[in-house]
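Working notes, structure below.
The values are calculated or read from the model by the stated rules, or taken from the named source; none is laboratory data. Source: prediction; values computed, not measured. All Cβ positions, glycine included, derive from the backbone under ideal geometry; neighbour counts span all protein chains shown. Heavy atoms of the whole protein, side chains included, go into the accessibility calculation; ligands, DNA and RNA do not. Shrake-Rupley method; radii C 1.70, N 1.55, O 1.52, S 1.80 Å.
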Amino acid sequence: MHTAVPLLADAPAQMLPARSLMAFTLASHIILVPLGVALPLITLIMHGYGLRRNDQTALLLARRWSAVMAVQFAIGVVTGTVLSFEFGLLWPRMMGKWGDVFGIGFGVEAWAFFLEAVLIAIYLYGWRRLPSRTHFLLGLPLPAVGLLGAFGILAANSWMNTPQGFTLDSAGNPVDVKIWKAIFTPMFGPQYWHFVVAMFVTAGYVAAGVYAVGWLRGRRDRYHRLGFTIPFTLAAVFTPVQFLLGDSIARQVFHKQPVKFAAMEIVWKTDTHVPEYLFGRMHPNGSVSGGIRIPQLDSVLAGFHPDTEVTGLTSVPASDRPTATQATIAHWAFDTMVGIGSLLALLALWYALIWLRRRRLPASPWFYRSAAVAGVASVVAVECGWITTEVGRQPWIVYQNMRVAEAVTSTRASGLWIMSGLVVVVYVFVFGSFLAVLLKMRARWRLADERGRGATPTETPETDTPYGPRSAVPAGDPPRSGGSGSASSTGGRP
């Protein structure tokens, strides 16, 4: 009989629905986070490019991206607020005991959230209402505020992985809290920069993927070329940086959280010359089936030498480590993230070689097919990174200080399942509304571009100056998109 059975039998009934609900809301919210953190920077780069070169197409793209940024922020308010409430509702014992130690991170995130709302409103409504230079300068703090919000969240999460900055009294309660030490934990730096760069990479590939699809559908105008080039270039530059940061954080986990590292690499017993498994499944007796076994590679990756000793799961009691199933989940998530990162690095290299040799964009349809998929793949990689972080830490919610079972609410499991169902319904409506709004915006932009083209063949897509009053819209029926020329030039334009 394997050890997972008694561990599951001792778990409170409400732990499964509580964890399921938290996982669902976090996985949903994190889809929006890359756009919230990195889209302001991408937009401002395009905006600055347009101002510097008096490029109306670039300014048009920046103005439209700012509208997407505002809609995304509004949806993020909903999903982020739900997550904030869930910390108190689902894990009251953790917040009650440890809130004074690591709660400062949530406070920083809340202030960043408020500042971001104000700045986005100013930036969005500044088009056509403010002088161009003033408007651009007022938008410059937006990326910094996004980084500040990420700082708060990552400070809290890294503390949960490597808690410090407190002492425990005779009753086991934290006292003598040192805020700066609680914020800047051993895992904070690696985890923060790995996350931030992941947001830039993901947002860049997601934005570029929209225009890659347009290229595949025959839309090769400057609007689509510029819309693709700037976000993709940003993502391609950060991709090799992210690869190095990923290696750095894995090495920090090896030193600071050896049991989590053992779960990520499905290492059962502490040993040297440990093999690396690409995927594979760990069984309760420690054996591994499936996957690709590469001798000694895990030790080499961990310490640059096959004699490097890698801590195994059996180095701690069964109650203090992930189960075999949890280790397999963390391992698969980790391998998927690394695999996607490797493919994205190859795509970035392809792009760089073509650009350096020929000073132009690649012409191969396979490149743009890959670029169109890269956005979705990078979101999957972000999801897998959080799965690795959270599942690999089990059974601890505060590493080596509080178990998940000790922190969970006493609310009945049936009530939590009902709450989970309601949240799923609400999120389907919220994300459906988000998609509907984006499609409505796209349709309106298509119509505006068709009218702009109808004026003169040489006119740029931006028929109105971005820093002045709108020109009068001619009366009459909007042009139809059923003709071959109209459909090929405007269909799918964001």
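Yes or no, residue by residue, for (1) within 21 Å of the chain's Cα centre (by Cα); (2) closer than 22 Å to Ala70 by Cα:
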{"position": "Thr134", "(1), (2)": "no, yes"}
{"position": "Leu148", "(1), (2)": "yes, yes"}
{"position": "Thr162", "(1), (2)": "no, no"}
{"position": "Lys181", "(1), (2)": "no, no"}
{"position": "Tyr192", "(1), (2)": "yes, no"}
{"position": "Arg219", "(1), (2)": "no, no"}
{"position": "Tyr223", "(1), (2)": "no, yes"}
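Quick one: which helices (runs of 4 or more DSSP H) sit completely within the stretch 323-430 and have at least 2 residues that are modelled with pLDDT of 90 or more, over 26 Å from Val82 (Cα atoms) and touching a helix residue (DSSP H, G or I) at 6+ places or on another chain (Cβ under 6 Å)? Outline the logic, then answer.
Working: elements: 324-358, 365-392, 404-407.
Of the helices (runs of 4 or more DSSP H) lying wholly inside the stretch 323-430, those with at least 2 residues that are modelled with pLDDT of 90 or more, over 26 Å from Val82 (Cα atoms) and touching a helix residue (DSSP H, G or I) at 6+ places or on another chain (Cβ under 6 Å) span 324-358, 365-392.
If only residues of the stretch 92-127 that are in contact with a Gly (Cβ under 6 Å, 6 or more places away or on another chain) and in contact (Cβ under 8 Å) with a residue 40 or more places away in the chain are counted, the one that is farthest from Leu44 (Cα to Cα) is Gly105.
Evaluated against (1) outside any loop (DSSP other than H, G, I, E, B); (2) in contact (Cβ under 8 Å) with a residue 60 or more places away in the chain; (3) among the basic types (Lys, Arg), Arg251 falls short on exactly one condition, (2).
Among the conditions (1) assigned to a helix (DSSP H, G or I); (2) surrounded by fewer than 21 Cβ atoms within 10 Å (Cβ to Cβ); (3) in contact with a Ser or Thr (Cβ under 9 Å, 6 or more places away or on another chain); (4) modelled with pLDDT under 90, Phe24 misses just one, which is (4).
Here's a check for you: in the stretch 72-94, which residue that is within 20 Å of Ala407 (Cα to Cα) and not aliphatic (A, V, I, L, M) is farthest from the chain's Cα centre (by Cα)? Please lay out each step first, then the result.
Pass one, the stretch 72-94, residues within 20 Å of Ala407 (Cα to Cα): 82-94.
Pick out the ones that are also not aliphatic (A, V, I, L, M) and you get 84-88, 91-93.
Numbers: Ser84: 18, Phe85: 21, Glu86: 20, Phe87: 20, Gly88: 23, Trp91: 23, Pro92: 26, Arg93: 28 Å.
Filtering first and then ranking leaves Arg93.
Taken across the stretch 266-281, residues that are open to solvent by 20 Å² or more (accessible area, probe 1.4 Å) and closer than 25 Å to Leu353 by Cβ do not occur at all.
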